[in-house]
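Reading through the structure tokens given below for one structure.
Throughout, read-outs are computed from the coordinates displayed, never taken from laboratory work. Every value quoted in this text rests on a predicted model; they were computed, and no experiment measured them. Neighbour counts are summed over all protein chains in view; Cβ atoms, including those assigned to glycine, are modelled from backbone coordinates with ideal geometry.
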Amino acid sequence: MNPKTIVSVGSIALDWLELPDGTKGEALGGSLTYFTRSAGILAPVNIVGVVGTDFPKEGMNLFREYAASLEDLQIEEGESFRWGGRYHDDWENRTTLYTELGVFETFSPKLSNSNKQSPLLYLGNIHPALQLDVLSQMAFDDTVIVCDTMNLWINTTRGDLDKVLGRIDILLLNENEAELLTGIEQVPEAAQAIRTMGPKKIVVKQGGSGSTLISSDRDFHVGVYPIDKLMDPTGAGDSFAGGLMAALANGHSFEEGLIWGTASASFCVEGFGLEGLSRMTPETFRERVEVVRLGT
Ligand code: AMP
């Protein structure tokens with residue numbers, strides 16, 4: 001069976017990263033970029049996004065190589081989205097140094113007719129109003145919709161985020177975000193509270209402790225792949241989502257999706273920016289999937 005197509009929207013960014021060990025520098029980034037690099041070797045990914053005319057050739061080449069369709073990628077006169085972040089000593093929490101929207105400020109996603117019919121939709125981390133815009137264009141009743149978000153939107157755009165939550169199937173978020181969204185510290189209780197807001201399945205990402213799928217059935221927990229050295233956590237969430245959605249695209253269960261997501265995120269955190277994912281091939285990925293499965 002050929003894998004299903006995943007339509008995916010998110011940010012495409014030029015990042016500035018500062019890590020606790022003193023490493024700092026520019027990197028290609030954005031939620032859509034990490035997602036496309038990880039999922040794109042396992043299933044067709046049609047991207048929906050925007051870049052400015054300053055976007056580097058290297059970035060365009062990445063999308064040409066790993067996305068199946070660039071039809072809904074807009075190239076607008078102006079500057080690409082830029083984000084700077086500094087990680088705290090725990091390597092998990094981070095402070096945003098700056099967010100420069102550039103062409104994102106006036107971005108109006110437009111889905112082609114075939115993308116509107118996609119069986120799988122990934123709403124990567126962007127303003128919930130843009131996620132809603134994409135949702136409103138979908139024209140297929142049975143699309144499985146997976147969504148990621150971040151503390152910024154929970155704090156600043158709760159109204160729009162609540163509308164998104166009412167229309168999605170699966171929400172991915174980390175422990176801190178689950179607490180921020182619900183005011184509940186314990187993960188299982190927080191996830192059950194989020195289920196009453198709309199998504200019937202919640203995946204809580206717990207950093208070095210793994211991830212848990214919470215639905216009406218029993219909770220399903222997956223640990224982490226034992227990496228050599230944590231280099232840069234940026235994009236781990238999007239790479240996790242990439243693996244998870246690729247599993248769904250290949251006809252697997254959500255539980256298998258957690259295993260694929262864990263394996264794919266493990267490549268991401270082993271290198272600066274997208275460098276770690278450059279070692280993710282179908283073969284190395286499958287090896288890690290088996291290691292993660294054995295530990296589950
Ligand atoms: P993650 O580490 O999985 O949360 O993803 C990191 C990526 O999110 C970085 O490459 C950033 O460019 C991107 N990012 C950071 N802040 C935002 C934002 N407000 N909207 C969209 N993307 C963002």
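For beta carbons closer than 6 Å, sequence separation of 6+ or different chains, a first residue in the range 7-23 that is touching a residue at least 40 places away in the same chain (Cβ under 8 Å) and a second that is within 8 Å of the ligand (Cβ to nearest atom) and among the aliphatic types (A, V, I, L, M), the qualifying pairs are GLY10/ILE126; SER11/ILE126; ASP15/ALA27; LEU17/ALA27. Applying the criterion of being assigned to a strand (DSSP E or B) and aliphatic (A, V, I, L, M) to the residues of the range 112-162, the residue that is farthest from the ligand (Cβ to nearest atom) is VAL144. Quick check on GLU79: is it part of a helix (DSSP H, G or I), among the acidic types (Asp, Glu) and either without any contact (Cβ under 8 Å) to a residue 40 or more places away in the chain or away from the ligand (no atom under 14 Å from the Cβ) (or both)? Here the answer is no, as GLU79 does not meet what is asked. Whether any residue in the range 116-130 is among the small types (Gly, Ala, Ser), within 21 Å of GLY85 (Cα to Cα) and crowded, with 17+ Cβ neighbours inside 10 Å is what I want to check. Within the range 116-130 (the criterion being among the small types (Gly, Ala, Ser), within 21 Å of GLY85 (Cα to Cα) and crowded, with 17+ Cβ neighbours inside 10 Å), the answer is yes, since at least one residue qualifies.
The selection criterion, being within 15 Å of the ligand (Cβ to nearest atom), out of contact with any helix residue (DSSP H, G or I) (no Cβ under 9 Å at 6 or more places or on another chain) and either among the aliphatic types (A, V, I, L, M) or touching a residue at least 60 places away in the same chain (Cβ under 8 Å) (or both), holds for TYR87.
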